[in-house]
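Reading through the structure tokens given below for one structure.
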Amino acid sequence: MRELLRSPPGVVGAVLLLVVATAMLLGPLLAPYDPQAFHPRARLQGPSLAHLLGTDQFGRDLLSRLLHGARATVAFGLGATLLGVLAGSIIGITAGVIGGWIDSVIMRILDGLLAVPDLLLTLLIVTVLGAGTGHAMLAVAVAFTPGMARIARSAVLSIRTQEYVLGAIARGESWAWIIGREVIPNAIGPVVVEATIRVAFAIMIGATLGFLGLGAQPPSTEWGLMVAEARQFMFRNPWCVAVPGVAIAFAALGFNLFGDALRDSFDPRRRHR
Amino acid sequence: MSAVLPERPPAEAPVAQTPVLEVRDYALRYRTGAGPVDALKAIDLAVPRGRTLGLVGESGSGKTSLAWAIMRYLPANAQELSGRLLLGGEDLRAMPTRRILEIRGARISMVFQDPSTSLNPTLRLGDQLGEVLIRHRKLTPAAAFEDGMALLARTGIREPAAMMRRYPYQASGGEKQRVVIATAIACNPDLIIFDEPTTALDIVTARQILDLFGRLRDETGVAALYISHDLGLVSRVAHEVAVIHQGEIVERGPCRDVFRAPRRDYTRALLAAVPDPAHRIGGPPPDRTAPPLLALRQITVRYGEQSWLARLLQPGQKVVRGAKDVSFDVWPGELVGVVGESGSGKSTIAKVLAGLQDFSGVVTFAGRRLEGRRAFDRAYRRAVQIVFQHPDASLNPRQTIATILSRPLRLYGTVPRHRIRPRIAEMLARVRLPAEFAARYPHQLSGGEKQRVAIARAFAAEPRLVICDEITSSLDVSVQASVAQLLVELQHETATACLFITHDLNLVRQLAHRIAVMRHGVLVDLFDTEDAAAPDRHPYTRTLLDAVPVLARPTH
């Protein structure tokens, strides 16, 4: 962890994530107003002393909504990504290690899924399962699985022919040791980095689903939904789109930078440069 | 400092001409995260017309940095502290980029180590050769094609027109290097920089490339800077030699003088490390009346075997044989050398014995008959250990040396659990590494140290046979010698048999009791090491032996 904080991007990423984490944990306590309270006389206002980040079309305080929404938004992104990465890694590593025709069959199926745009696939799943945050999360996870599987598999394939893996096979090591101790620790880097980038995508897809009425439902304070709801008012008060938008961007950037630094600290060869 | 005078100036050369390349008091430093690194210190060199200067040094000695400094292609963190790089009396450092671009490829050209990476795989060979002619000699594409064919013919390519139309993947390594050399001489340069031009090639091909180089040099009178770590090679091609060590030239002079009577300790150590077939370091021969430890019978390996579907769709696809009917025996405590060019099947045999490759045929090990890879159980795998070529790749970068070394101990239960720690220290001491290395990661060790760890790991299993697959070829000369020495000692102490796979004939003649020669997957020759020079050797063995430069030794 100390190594991680030595690199400037790692520090910036950690700080951004710390801010997001604070909002997630303490947001409701810090919020100056009830996120759902209407202030009819202060609709679509810019920042002021009363409303630090302005208000939306119903006069709801944007800062309060933002702080309340952090939990739902980030949890959605993290949860969906985690599920997708887990499923994808398992499939990818299995395909990569077994190889042969099983690998070909698995990868051709995943290629087929990859050809369907993420959003379309998600919509399809949500339509079948029904609307709601949990279903949306599952749908995003399923949509992420093929891509993650491909990344995990290519990482495994490049590791599998390394001499230390051949050496382990020659020694007569068990498959569990070879996969768990020789392959995965060396293959995990690209998966982790891709996963952190995908958290940002997951947040965005969640928002889109909310906008289409298939994910988070109003009056939820989920950030993506906030952007979607405020969209038609953005020319009267750009703040109501910019505030949650920028928040999403910062959270995404935080995950991204942190992921990069994490990868470097995972790799003992980079650690000491 | 005055230029080193050639021993025999070429007849037509005027006596006091300016050298083609002169480097004076040149110093280069790299700024790195860990502080400044002095790559080159006070370098003085001169290469007259028609002469070849061999620049010899180990990896990290700064020899390639000098080549790039002369080409004026240094990375952004390089800092030139002092000195001049004179090409025909003009300082390259003072020239604007526009002039440098005119000089590169036209007056100075470069031949790289690996022709398979220095040629663009998406362009035809003819286009890559023609590019230089069009760029620097302003030829039309048609004229460039004509000239290119003539150039290829000069480099000994039999069908130049066909070669011009081929892509790099359609040519062999030797042919590709000939194309690179043709490109280098295309504009009649003043100077050619060779950066280990034969390291990536087979012994026999390397020999042909060297002969070609000698002929072209005599024809064109080009000056050459020949960078290499191989002293034997340099002694064959160079007139003068400069020995570089940690960025400093420690010794410089006519080739014959430096090799016969080295003045500096470093040069002497370097020369002593070059394998000398006359100087045996291997142990006494094993008792060959006992039954053999390992017997291979009709081992055949086919690569790229098609599935039934592919066979159905594309009949007549060729199956590549990695090994064909290979049979030989290894006695306990014996060191058998396996030599051959790349693709000869020597590594295939290593993979078969390590249980990494399916095969047909019979392996009899310690009286047990094993047919096929599935018969290799844990007892066999413990008794047969393998050490790989690249120590960087054979040690898991995420495990400490202790974890790496403890693995065979735990896996085979060689020692009880509480003895593992002290055993690791013992093993490190045995391969002459300090005990505190146990806590380190592989990347914190040098190549030679890593290879010692890999050897320690193999011997930790207390095996009966160790397979060494080119274990010295990625190491520096001086390290190579000590690793080979260590292996022989361990092997002799523990009476372990060893299969030593290599392309270095001089080295294997020092170590092995018997030598097996492979070619195209077939075992062509197998003989006692003392009989290597015997007249009745297989012609291919003869070719290999003749292709290897043997260094002229210092006279004591």
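Where a number appears in this text, it was derived from the coordinates with a stated rule and is not lab data. As the structure is a prediction and not an experimental result, all values here were calculated from the model. Here the Cβ is made from the backbone with ideal geometry for all residues, glycine too, and neighbour counts use every protein chain on show.
Radius of gyration and Dmax for segment B:62-163's Cα atoms, expressed in Å?
Computed over the Cα atoms of segment B:62-163, radius of gyration and Dmax are 16.3, 49 Å.
Short version: what are the Cα gyration tensor semi-axes of chain A, square root of 5 times each eigenvalue, largest first, in whole Å? Before the final figure, lay out the partial values.
Details: eigenvalues 336, 103, 29 Å².
For chain A, the ellipsoid semi-axes come out as 41, 23, 12 Å.
Considering only the other residues whose Cβ falls under 11 Å of the Cβ of A:Val243, what net charge follows from Lys and Arg at +1 and Asp and Glu at -1?
Values: positive: A:Arg65; negative: A:Asp56, A:Asp61.
Neighbourhood net charge equals -1.
Tell me the Kirkwood radius of segment B:136-176: reciprocal of the mean inverse pair distance over distinct alpha-carbon atoms, in Å. Before the final figure, lay out the partial values.
Working: mean 1/r = 0.0924 Å⁻¹.
Its Kirkwood hydrodynamic radius stands at 10.8 Å.
Averaged over B:389-396, how many beta carbons belonging to a partner chain fall within 10 Å of each residue's beta carbon? Each step should come with its number before you reach the end.
Working: counts 1, 3, 1, 4, 7, 6, 4, 12.
Per-residue shielding by partner chains comes out at 5.
Of all DSSP beta bridges located in the protein assembly as shown, what percent are antiparallel, nearest 5? Intermediate results must be reported in sequence, preceding the final value.
Working: 48 of 85 bridges.
Of the beta bridges lying entirely in the protein assembly as shown, close to 55 percent run antiparallel.
HN-Hα J couplings of segment A:188-205 from phi, Karplus 6.51/-1.76/1.60, θ = phi - 60°, integer Hz, Gly and Pro as x?
So the J values, rounded to whole Hz, are 6, x, x, 5, 5, 4, 4, 4, 5, 5, 6, 4, 4, 4, 4, 4, 5, 5.
Quick check on segment B:193-314: of the DSSP beta bridges with both residues there, what percent are antiparallel, nearest 5%? Intermediate values should be presented prior to the final figure.
Working: 6 of 9 bridges.
Bridges in segment B:193-314 that DSSP calls antiparallel: roughly 65 percent.
To the nearest 10 degrees, how steeply does helix A:118-129 sit against the main Cα axis of chain A, on a 0 to 90 scale?
Here the helix axis deviates by roughly 80 degrees.
Enter the angle in degrees (range 0 to 90, nearest 10) between the Cα long axis of helix A:239-266 and the first principal axis of the Cα atoms of chain A, meaning the one along which they spread out most.
Approximately 20 degrees, to the nearest ten.
Determine the shape class of the protein assembly as shown: with a ≥ b ≥ c the square roots of the Cα gyration tensor eigenvalues, call it rounded for a/c under 1.5, and otherwise prolate if a/b is greater than b/c, oblate otherwise. Walk me through the intermediate numbers first.
Values: a/c = 2.09, a/b = 1.49, b/c = 1.40.
Note, shape of the protein assembly as shown comes out prolate.
Cut-off under 24 Å on the C-alpha distance; same-chain residues fewer than 8 positions from B:Lys41 excluded. Which lysines are left, in chain and number order?
B:Lys63
Hey, how many Å between the Cα centroid of segment B:430-490 and the Cα centroid of segment B:31-103?
35
Using alpha-carbon positions, what is the distance between the centroids of segment A:82-106 and segment B:500-527, in Å?
42
If one takes the longest principal axis of the Cα atoms in chain A, at what angle in degrees, from 0 to 90 and to the nearest 10, does the Cα axis of helix A:100-115 lie?
Approximately 20 degrees, to the nearest ten.
When you look at the Cβ of every residue in A:180-186, what mean number of other chain Cβ atoms sits within 10 Å? List each step's numbers first, then the result.
Working: counts 0, 5, 4, 1, 1, 4, 4.
Across the residues of A:180-186, the mean count of other-chain Cβ atoms within 10 Å is 3.
Please compute the modelled spin-label separation between B:Ala143 and A:Leu119, points set 7 Å along Cα→Cβ, answer in nm with one decimal.
If labels sit at A:Leu119 and B:Ala143, their model points lie 5.8 nm apart.
For a quick check: sort B:Ser342, A:Ser7 by the number of other beta carbons within 10 angstrom, fewest at the front.
Fewest to most other Cβ atoms nearby, the residues stand as B:Ser342, A:Ser7.
Cα-based Rg (one decimal) and Dmax (whole number) for chain B, in Å?
Rg, Dmax (Cα atoms, Å): 25.8, 77.
May I ask you to list the trypsin sites (Lys or Arg not before Pro) in segment B:47-144 that are in a DSSP loop and have at most 11 other Cβ atoms within 10 Å of their Cβ?
Working: sites: B:Arg49, B:Arg51, B:Lys63, B:Arg72, B:Arg84, B:Arg93, B:Arg98, B:Arg99, B:Arg104, B:Arg107, B:Arg124, B:Arg135, B:Arg137, B:Lys138; in loops: B:Arg49, B:Arg51, B:Arg72, B:Arg107, B:Arg124, B:Lys138.
Within segment B:47-144, the qualifying trypsin sites (Lys or Arg not before Pro) (loop, at most 11 other Cβ atoms within 10 Å) are B:Lys138.
For B:Ala39, what residues show an amide H to amide H distance below 5 Å, using hydrogens built from the backbone and excluding near sequence neighbours?
B:Leu28, B:Arg29, B:Tyr30
Between segment A:7-63 and segment B:383-403, how many Å separate their Cα centres?
Centre-to-centre (Cα) distance: 53 Å.
Suppose only helical runs count, i.e. DSSP H with n ≥ 4. What mean residue ellipticity at 222 nm does that imply for chain A under -39500 (n - 2.57) per run, divided by all residues and rounded to the nearest 500 deg cm²/dmol?
Details: 10 runs with 193 residues, N = 273.
It comes out at -24000 deg cm²/dmol, rounded to the nearest 500.
Above 16 angstrom, tally the Cα pairs of segment B:24-78 and express them as a % of all pairs, no decimals. Working shown, then result.
Working: 697 of 1485 pairs.
When every Cα pair of segment B:24-78 is considered, 47 percent fall beyond 16 Å.
Find, among the trypsin sites (Lys or Arg not before Pro) in segment A:51-116, those assigned to loop by DSSP (not H, G, I, E, B) with at most 12 other beta-carbon atoms within 10 angstrom. The partial results should precede the final answer.
Values: sites: A:Arg60, A:Arg65, A:Arg71, A:Arg108; in loops: A:Arg60.
Those that pass, being in a loop and sparsely packed, number zero.
Taking the convex hull of the Cα atoms, report for segment B:218-279 its projected area averaged over all directions, in nm². Spell out each step's value before the answer.
Working: hull surface 20.1 nm².
Dividing the Cα hull surface by four gives the mean projection, 5.0 nm².
Which ordering of B:Thr502, A:Thr94 is given by a fewest-first count of other beta-carbon atoms within 10 Å? Walk me through the numbers before you get to the answer.
Details: B:Thr502 25, A:Thr94 17.
With the fewest neighbours first, B:Thr502, A:Thr94 line up as A:Thr94, B:Thr502.
So for segment B:370-525, Kirkwood radius off the Cα pairs, Stokes-Einstein at 25 °C and 0.890 mPa s: how many µm² s⁻¹? Write down the numbers at each step before the final one.
Working: Rh = 16.3 Å.
In µm²/s, the coefficient rounds to 151.
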